[in-house]
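Trainee: Below is the structure I would like to discuss, written out as structure tokens.
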Amino acid sequence: MALDLKDEVSVDALKRLVATSQVFIENFVPGKLEELRLGPDVLHGINPNLIIVRVSGWGQTGPYAQKPGFGTLVEAMSGFAHLNGFPDKPPALPPLAMADVYAGLYGALGTLAALRDVEAEGAGQIVDVSLFESMFSTVASEAVKFAATGRVTERSGNQAMQTAPRNVFVCKYGKYMALSASVQTMFERLAKTIERPDLVD
């Protein structure tokens, strides 16, 4: 169903749908829903138990709230692009809609939690989902490291600073193998498997 929310007939149809719905999802620039006279106060007036999920680039509040935002921007602004790639190459954006996927997951989790709360308390809620915050959560440990040390982590390709060996290796016949010996016992088994027990010491 397509509705033109500048048309009163469409707005009335939407309100009838809201009256019998559990979840309402919108991804306008913050303030647009209110401009259309369909803000949370109006929607909760129609259905007090409604879960309103608001998806935007930067969130409903804050200095960037009114700016347009989409995945590519937040993948860069979050610091992900800076960390992604190899040291001798420029920052690399992901080859897929990573920010959108993370925001979708957070939105779904927030919605499920809100629905459980409505079951117990009977009160509707607003779930504010920001593409930026969703993406930033994936690299938030870097902010903690910077706060503690003052150092910015540089790109390291597909190696992990806390795990060795961990990489994609080319095999004898030209195929690739992903390998991660992330704890001591795994490393010891690996050393034995490749007939290099001396590496353990």
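Trainee: Within 10 Å of each candidate Cβ there may be at most 14 other Cβ atoms; applying that plus a DSSP loop requirement, which chymotrypsin sites (Phe, Trp or Tyr not before Pro) in region 1-109 survive?
Mentor: Numbers: sites: F24, F28, W58, Y64, F70, F80, Y102, Y106; in loops: F28, W58, Y64, F70.
Sparse-neighbourhood loop chymotrypsin sites (Phe, Trp or Tyr not before Pro): F70.
Trainee: Next question. For region 129-201, which chymotrypsin sites (Phe, Trp or Tyr not before Pro) are in a loop by DSSP, counting at most 14 other Cβ atoms within 10 Å? The partial results should precede the final answer.
Mentor: Details: sites: F132, F136, F146, F169, Y173, Y176, F187; in loops: Y173.
Sparse-neighbourhood loop chymotrypsin sites (Phe, Trp or Tyr not before Pro): Y173.
Trainee: Let me ask another. Once phi is turned into θ = phi - 60°, what whole-Hz ³J(HN,Hα) does the Karplus curve with 6.51, -1.76 and 1.60 give for every residue of region 124-137, x standing for Gly and Pro?
Mentor: Karplus values, whole Hz, x for Gly and Pro: x, 9, 10, 9, 9, 10, 10, 4, 4, 5, 4, 6, 4, 4.
Trainee: Can you figure out the FRET efficiency of M1 with A120, using R₀ = 30 Å and their beta-carbon distance, to the nearest 0.05?
Mentor: Efficiency computed from Cβ-Cβ geometry: 0.40.
Trainee: Oh, and also: Using the Kirkwood radius built from alpha carbon pairs, what does the Stokes-Einstein equation give as D for region 153-201 at 37 °C and 0.692 mPa s, in µm² per second?
Mentor: Details: Rh = 11.9 Å.
D, rounded to a whole number, is 275 µm²/s.
Trainee: Give the range of the longest stretch in the chain that excludes all trypsin sites (Lys or Arg not before Pro) found in loop regions by DSSP and having at most 13 other beta-carbon atoms within 10 Å. Provide the component values of the computation, followed by the final result.
Mentor: Numbers: sites that count: K6, R37, R151, K172, K175.
So the longest stretch without any such site is 38-150.
Trainee: OK, next. What is the distance in Å between the Cα centroid of region 1-37 and that of region 92-152?
Mentor: Using only Cα atoms to place each centre, the spacing works out to 25 Å.
Trainee: A follow-up question, please. Would you mind calculating the gained length between F146 and N27 on full extension (0.36 nm times residue separation, minus the Cα-Cα distance), in nm to one decimal? Intermediate results must be reported in sequence, preceding the final value.
Mentor: Numbers: separation 119, 0.36 × 119 = 42.84 nm, distance 3.25 nm.
Separation in residues times 0.36 nm, less the Cα-Cα distance, equals 39.6 nm.
Trainee: Excluding ligands and nucleic acids, what accessible area in Å² is computed for T185 using a 1.4 Å probe, to the nearest 10?
Mentor: Roughly 80 Å² of T185 is accessible to a 1.4 Å probe.
Trainee: Roughly what % of DSSP beta bridges within the chain run antiparallel, to the nearest 5? Intermediate results must be reported in sequence, preceding the final value.
Mentor: On the way: 6 of 16 bridges.
About 40 percent, rounded to the nearest 5.
Trainee: Which GluC sites (Glu not before Pro) in region 134-201 sit in a loop by DSSP (not H, G, I, E or B) and have at most 11 other Cβ atoms within 10 Å of their own Cβ? Numbers along the way, then the final one.
Mentor: Working: sites: E142, E154, E188, E195; in loops: E154, E195.
Sites meeting the loop and neighbour criteria: E154, E195.
Trainee: Can you give me the C-alpha center-to-center distance between region 43-87 and region 178-192, rounded to a whole angstrom?
Mentor: 39
Trainee: Another question, if that's okay. If I take R0 = 41 Å and measure r between the Cβ atoms of A108 and Y173 in this structure, what FRET efficiency does the formula 1/(1 + (r/R0)^6) give, to the nearest 0.05? Please list the in-between numbers first.
Mentor: On the way: r = 42 Å, r/R0 = 1.03.
The formula returns an efficiency of 0.45 here.
Trainee: Shifting gears a bit: Tabulate in residue order the Karplus-calculated ³J(HN,Hα) for region 85-99, using 6.51 cos²θ - 1.76 cosθ + 1.60 with θ = phi - 60°, rounded to whole Hz; enter x for Gly and Pro.
Mentor: x, 10, x, 8, 10, x, x, 10, 6, x, x, 8, 7, 4, 4
Trainee: Using only the alpha-carbon atoms, how far is helix 140-149 inclined from the longest principal axis of the chain? Give it as 0 to 90 degrees, nearest 10.
Mentor: The angle comes out at about 60 degrees.
Trainee: Can you give me the Kirkwood hydrodynamic radius for the chain, using every pair of distinct Cα atoms, in Å to one decimal? Please list the in-between numbers first.
Mentor: Values: mean 1/r = 0.0484 Å⁻¹.
Evaluated on the chain, it is 20.7 Å.
Trainee: Give the long-range amide H neighbours of G62: residues separated by 5 or more places, or on another chain, with amide H under 5 Å away, using H modelled in the peptide plane at 1.01 Å from N.
Mentor: Hits under the 5 Å cutoff: none.
Trainee: Also: Which angle from 0 to 90°, rounded to the nearest 10, does the C-alpha axis of helix 184-193 make with the longest principal axis of the chain?
Mentor: That helix lies at roughly 50 degrees to the long axis.
Trainee: 5 Å is the cut-off here: which amide hydrogens, built 1.01 Å from N in the peptide plane, fall below it relative to Q125, excluding neighbours closer than 5 in sequence?
Mentor: Long-range HN contacts for Q125: I51, I52.
The values are calculated or read from the model by the stated rules, or taken from the named source; none is laboratory data. Remember, it's a predicted structure, so these values are computed and weren't measured experimentally. Quick reminder, even Gly has a Cβ in these numbers, built from the backbone with ideal geometry, and neighbours come from all protein chains shown. Ligands, DNA and RNA are stripped out before the accessible areas are found, and what is left, the full protein with its side chains, is counted by its heavy atoms. Shrake-Rupley method; radii C 1.70, N 1.55, O 1.52, S 1.80 Å.
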